[in-house]
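The structure under discussion appears below in the form of structure tokens.
The values are calculated or read from the model by the stated rules, or taken from the named source; none is laboratory data. Predicted model, so just to flag it, every value in this text is computed and none were measured. No Cβ is skipped: glycine too gets one built from the backbone with ideal geometry, and neighbour counts run over all protein chains shown. Protein only, heavy atoms only, side chains kept; ligands, DNA and RNA dropped before computing areas. Shrake-Rupley method; radii C 1.70, N 1.55, O 1.52, S 1.80 Å.
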Amino acid sequence: MQKLIIQGGKPLHGEINISGAKNAALPVLCATLLTTDTLCIKNVPLLQDVTTMLSLLEQMGAEIITNNRSEVAEVELTVSNLVNPVVPYEMVKTMRAAILLLGPLLARTGEATISLPGGCAIGLRPVDQHIKGLQAMGAEISIKHGYIHAVAKQLRGARIVMDIVTVTGTENLMMAASLAKGTTILENAAREPEIIDLANCLIAMGAKISGAGSDVITIEGVKALHGTQHTVMPDRIETGTFLVAGVAAGGDVCLKNTFPHLLDAVLAKVQEAGADLETGDNWIRLKMNGRPKAINLRTAPYPAFPTDMQAQFMSMNCVATGTAVISETIFENRFMHVQELKRMSANIEVEGHTAIVYGIPELDGANVMATDLRASASLVIAGLVAQGETIIDRIYHLDRGYERIEEKLSEVGAQIRRGS
Ligand code: UD1
């Protein structure tokens, strides 16, 4: 099994190119199912989750042309003949975002069979809001043998008040509603930038959507959607991860091809920790000297502080001056990195949904294990600042969501390599 081997203690200097956003690319890939025409998607990140989604789409009859020769990958997908509207357990188990196929499949074929995601490492993560929304649009849904089976000859518009703010739930319903008969109003919708990115792609395909990015989204169903070209937005979580790496390890890094305005909550925390920031339209430069200051944070839906950045800030707080209180309000089991950070001598106490991190001058390199995607990123940051060698096992979690992380970090001076 592959590992990452890091020699800590090196500051970071140089430029990093930010990839397209995983959480925007995945729903946009699913939107391919909504048309028989070709969708050309640019700035696709080369990640395991994207590969998994492409092979799922291929099994359903998608013709896929990829062009990885340029720095920025491009994918052309055409699903002129959808053959197999089934998403098996093996796929959903490794990538929960496969649930995003439910809405498009149902809208396109009138039928979908998709495995329930089941227990996921970072929490229960039910999909009741996806199901409730599709039922309101007229779908008949049954759950048997661990599979959701949905049927709807013609979805119809509905007013749906979501009980909980859910990102993929909002995206699923927005895609389904695009081809429904009549108007759908999604209330208490998620406001993440990735939802705007998907809405922009759907609008370019001929959908009538307004309000994406606010908590009320209106979708006027149309008879058919057509092909288009779409460029995936930059990954704000990858950007944030490298920023925190810079704060923890120190140095001077410039992140290119990213949008600072998508990271307000994260940038404020990075500055509070003591970093100097300069920003342009599509770049962020960070300079950091000395130990960071401890910073408190509380995760919440966008535009508040993202749960996907909580673990990385925890690693930074481990070596900060002072004590930090971190509250996780989105997922119930998202502190699995704590045990691993403690193996590196971190001083952390967990009480329910709150972690208290007592900063210490240095972490010790150790053998640690990645447990989920963002927890893995936090261990990379811890390895960068630890004394001696850190070996991170089970990095397939990291490969699901970060493109060439070890290469990007090596280019700015980190001593990090892949081994087995
Ligand atoms: C998306 C992101 C993930 C991020 C998360 C929260 C993608 C592919 N993934 O995941 O990186 O960590 O948003 O920002 O975009 N919930 C329910 N019922 C539902 C749906 C969700 O109770 O039907 C709960 C979940 O258990 C969780 C909370 O709502 O506690 C938020 O989950 P949700 O926004 O749906 O996360 P994902 O869309 O799976």
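Filter the stretch 281-291 for residues that are open to solvent by 20 Å² or more (accessible area, probe 1.4 Å) and under 24 Å from the mean Cα position of the chain (by Cα) and give the result. Within the stretch 281-291, Asp281, Asn282, Trp283, Arg285 qualify.
Condition test on Ala112, is it crowded, with 19+ Cβ neighbours inside 10 Å, part of a strand (DSSP E or B), modelled with pLDDT of 95 or more and more than 11 Å from the ligand (Cβ to nearest atom)? Judged against the criteria, Ala112 is a match. Ile219 meets each of the listed conditions (1) buried (at least 22 other Cβ atoms within 10 Å of the Cβ); (2) in a helix (DSSP H, G or I) apart from (2). Mind checking which pairs have a first residue in the stretch 125-150 that is assigned to a loop (DSSP other than H, G, I, E, B) and a second that is of a type in the set (Val, Ile, Thr) and within 15 Å of the ligand (Cβ to nearest atom), Cβ under 6 Å, 6 or more apart or different chains? Hits for this filter: Val127/Ile99. The listed residues are Ala294, Ala273, Ala204, Ala212, and the only one of them that is closer than 21 Å to Ile326 by Cβ, among the hydrophobic types (A, V, I, L, M, F, W, C) and open to solvent by 10 Å² or more (accessible area, probe 1.4 Å) turns out to be Ala294. Please go through the stretch 151-173 and pick out each residue that is open to solvent by less than 50 Å² (accessible area, probe 1.4 Å), in contact (Cβ under 8 Å) with a residue 40 or more places away in the chain and away from the ligand (no atom under 15 Å from the Cβ). Result: Ala152, Leu155, Gly157. Taking the stretch 377-420 as the range and being of a type in the set (Ser, Thr, Tyr) and under 25 Å from Gly20 (Cα atoms) as the test, the residues that pass are Ser378, Tyr396, Tyr402, Ser410.
Residues of the stretch 181-204 that are hydrophobic (A, V, I, L, M, F, W, C) and out of contact with any helix residue (DSSP H, G or I) (no Cβ under 7 Å at 6 or more places or on another chain): Ile185, Ile196, Ile203, Ala204.
From the residues in the stretch 399-415 that are in a loop (DSSP other than H, G, I, E, B) and within 16 Å of the ligand (Cβ to nearest atom), which one is surrounded by the fewest Cβ atoms within 10 Å (Cβ to Cβ)?
The qualifying residue surrounded by the fewest Cβ atoms within 10 Å (Cβ to Cβ) is Glu403.
Note on the stretch 31-46: residues that are within 15 Å of the chain's Cα centre (by Cα) and surrounded by 24 or more Cβ atoms within 10 Å (Cβ to Cβ) amount to 2. Put simply, of Leu243, Leu262, Leu255 the only residue that is touching a strand residue (DSSP E or B) at 6+ places or on another chain (Cβ under 6 Å), under 19 Å from Thr307 (Cβ atoms) and among the hydrophobic types (A, V, I, L, M, F, W, C) is Leu243. The helices (runs of 4 or more DSSP H) found wholly in the stretch 307-398 and carrying at least 3 residues that are within 16 Å of the ligand (Cβ to nearest atom) and touching a strand residue (DSSP E or B) at 6+ places or on another chain (Cβ under 7 Å) occupy 310-318.
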